[in-house]
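Input: one structure, supplied below.
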Amino acid sequence: PQHHISFASRHAGKAPGDVIQAPYGPQALYADHCVQGSWGAELDQGLDLTGSVLRLHKGCRADVDSFSAFTENDRVTTTGLAAMLHEREIRRIFFVGLSMYGCVRHSAMDARKAGFDAFIVTDACRARPSASNTQFARELADAGVGFLHATDIGPAAHHPL
């Protein structure tokens with residue numbers, strides 16, 4: 001939403017990259033992005049959602065950021081995704097997206113905590129350059145998150161996961 005807690009524009013004298021103290025802990029600030037109701041929050045028109053079961057909206061609360069698809073940054077509010085996937089007997093989750101060491105990392109880590117096998121499809125992700133990326137990759141591997149390429153899971157794959 002407009003005036004989201006993570007937008008630097010909401011905090012006088014703050015700029016993207018600054019960190020504030022939110023009720024749930026440190027909160028990095030970003031330029032306004034993906035604002036509800038704007039083109040930046042829309043999915044690409046070419047995305048085929050035929051057969052999709054769930055379209056999860058996150059980051060919808062102005063007072064708390066949301067990196068993970070499973071839990072808000074307050075680490076208390078869940079999205080219900082884990083319960084839905086467990087109910088459907090899903091055991092393995094493949095993660096793709098922007099901010100490989102942001103939202104993708106947090107979602108994969110929370111998937112592991114919820115008892116799922118988690119894999120990041122590295123060639124379907126992008127990461128911002130950061131000195132912490134090596135540390136984040138190690139953290140993911142230590143938590144049991146797997147890394148693979150799309151061809152490892154596509155029709156050309158030579159082995160089942």
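The values are calculated or read from the model by the stated rules, or taken from the named source; none is laboratory data. Just so it is clear, the structure is predicted and the values come from calculations on it, not from any experiment. Cβ: placed from backbone, ideal geometry, glycine included. Neighbour counts: every protein chain shown. Areas reflect the complete protein model, heavy atoms only, side chains present, ligands, DNA and RNA absent. Shrake-Rupley method; radii C 1.70, N 1.55, O 1.52, S 1.80 Å.
State the percentage of accessible surface on segment 52-142 attributable to carbon and sulfur atoms; use a 1.4 Å probe and exclude ligands, DNA and RNA. Please report the intermediate quantities before stating the final value.
Values: 2730 of 5240 Å².
Ligands and nucleic acids excluded, carbon and sulfur reach 52 percent.
So, taking all protein chains as they sit and a 1.4 Å probe, how much accessible area belongs to H86, in Å² rounded to tens?
Roughly 90 Å² of H86 is accessible to a 1.4 Å probe.
Would you mind checking the tilt of helix 133-142 against the longest principal axis of the Cα atoms of the chain, expressed as 0 to 90 degrees and rounded to 10?
Its long axis makes an angle of about 50 degrees.
Now for a different question. How large is the Kirkwood hydrodynamic radius of segment 1-92, in angstrom, based on all distinct alpha carbon pairs? Can you show the working numbers first?
Numbers: mean 1/r = 0.0666 Å⁻¹.
One decimal place: 15.0 Å for the Kirkwood radius.
Counting only C-alpha contacts under 8 Å and six or more residues apart, can you give the relative contact order of the chain as a whole percent? Don't skip to the end; give the middle numbers.
On the way: 231 pairs, mean separation 24.1, N = 161.
Reported as a whole number, the value is 15 percent.
Determine the gain in length on full extension of the stretch Q2-D74; use 0.36 nm per residue of separation and subtract their C-alpha separation, reporting nm with one decimal.
Working: separation 72, 0.36 × 72 = 25.92 nm, distance 1.93 nm.
That works out to 24.0 nm of additional length.
Once label points are set 7 Å from the Cα along Cα→Cβ at both R128 and K113, what is their separation, rounded to one decimal in nm?
Those two pseudo-labels are separated by 2.1 nm.
Give the Kirkwood hydrodynamic radius (Å, one decimal) of the chain, defined as one over the mean of 1/r across all pairs of different Cα atoms. Kindly include the intermediate steps, with their values, before the conclusion.
On the way: mean 1/r = 0.0579 Å⁻¹.
It works out to 17.3 Å.
What order, most packed first, do the peptides 73-80, 33-40 have when packing is the mean number of other Cβ atoms within 10 Å of each residue? Could the numbers behind the result be given before it?
Details: 73-80: 13.9, 33-40: 11.2.
Order by mean packing, descending: 73-80, 33-40.
Further question on the same structure: Highest mean first, how do 122-134, 138-150, 97-109 rank when packing is the count of other Cβ atoms within 10 Å averaged over residues?
Details: 122-134: 12.2, 138-150: 14.2, 97-109: 20.2.
The densest-packed peptide leads the list: 97-109, 138-150, 122-134.
At 1.4 Å probe radius, can you tell me the per residue accessible area of segment 67-138 in Å²? The partial results should precede the final answer.
On the way: 4040 Å² over 72 residues.
Normalised by residue count, the accessible surface of segment 67-138 is 56 Å².
Can you give the extra length, in nm with one decimal, that the chain gains between H57 and A141 once fully stretched, where that is 0.36 nm per residue apart less the Cα-Cα distance? Working shown, then result.
Details: separation 84, 0.36 × 84 = 30.24 nm, distance 2.72 nm.
This chain segment gains 27.5 nm when fully extended.
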